[in-house]
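Asker: Quick one: the structure is below, questions incoming.
The values are calculated or read from the model by the stated rules, or taken from the named source; none is laboratory data. What you see is a predicted model, and the numbers here were worked out from it, not measured in a lab. Counting neighbours? That spans all protein chains shown, and the Cβs are built from the backbone with ideal geometry, glycine included. Ligands, DNA and RNA are excluded from the accessible area calculation, which covers all protein heavy atoms including side chains. Shrake-Rupley method; radii C 1.70, N 1.55, O 1.52, S 1.80 Å.
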Amino acid sequence: MRWILLAAALAAAAPAQAADIATIGCITQSLTPAGRTTIDQAFEKSISDPSNGSPDPAAYQLIDEAVTSCAAKHGWSQKAKSSAFLHAMATLMWPVAARVGRTKGLDAAALESLFMAMPETDRLKAISAEGQPDTAIFTRLAESASKNRLADDSNAVLAGMILGIVALRERGAADFKAN
């Protein structure tokens, strides 16, 4: 969760101006294949074994460079830029988390559906602007995942990470649109 806190701290700054959500895809589209590989490897190492800690800072640097380039190209505010970073990070983590989840018996798409079935207010509160997860919301999600046999004790930590990635992606997109 340290990487979520770090990313959210980056998103907590500056005044806003309108950002066009249609431009947010610029970030992932501007990454080179080598950059994508570096990012995927860094995220896979961290997601596969949370004891590895935060992903390699080089992954964050590559994302930040792409965000900075797209922000200049599209005239994003600092707040929109920070939100775009969160969204891009989670978007890039998603396929890695889904792949790792499959090896641990998890259906990431089903976990995403569980998250998205919550009311929008809860989805947006799941991760605060300061990067703190809402314990009550994640407890309800964990209970629901267990009840629906989407996760068990053997893969609960990874299921929580997948839900956190979805929450981060949704928070980043919502904050980007608002700025």
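Asker: Using only the Cα atoms of the range 46-131, what do you get for the radius of gyration and for Dmax, in Å?
Answerer: 15.1, 42
Asker: Something else now. Taking only C-alpha pairs under 8 Å that are 6+ residues apart, what is the relative contact order of the range 55-167 in percent?
Answerer: With pairs under 8 Å counted, the relative contact order is 29 percent.
Asker: Turning to a different aspect of this structure: I want to verify a result. In a Gaussian network model of the chain, Cα cutoff 10 Å, which of these has the top mean-square fluctuation: ILE47, ILE162, ILE137?
Answerer: Fluctuation is largest for ILE137.
Asker: With a 1.4 Å probe and all protein chains left in place, how much of the accessible area of the chain comes from carbon and sulfur atoms, in whole percent?
Answerer: Heavy-atom surface of the chain belonging to carbon and sulfur, 1.4 Å probe: 54 percent.
Asker: Using 7 Å Cα-to-Cβ label points, what is the ALA117/GLN61 separation (nm, one decimal)?
Answerer: Here the answer is 4.3 nm between the modelled labels.
Asker: Here's something else I'd like to know. Name the long-range amide H neighbours of ILE127: under 5 Å, sequence gap of 5 or more, or other chain; modelled H, no Pro or chain starts.
Answerer: Answer set, sorted by chain and number: ASP134.
Asker: Find the percent of Cα-Cα distances in the range 80-179 that exceed 18 Å, and round it to a whole number.
Answerer: 42
Asker: Where Rh is the Kirkwood radius over the Cα pairs of the chain, the temperature 20 °C and the viscosity 1.002 mPa s, what D in µm²/s does Stokes-Einstein return?
Answerer: For these conditions, the coefficient is 132 µm²/s.
Asker: Given the alpha-carbon gyration tensor of the range 87-144, what are the semi-axes of its equivalent ellipsoid in whole angstrom, ordered largest first, with each equal to the square root of 5 times an eigenvalue?
Answerer: With the √(5λ) rule applied to the range 87-144, the semi-axes are 20, 15, 10 Å.
Asker: Also, quick follow-up: Of LYS81/LYS125; LYS125/LYS147; LYS45/LYS177; LYS45/LYS81, which sit over 29 Å apart, Cα to Cα?
Answerer: LYS45/LYS177
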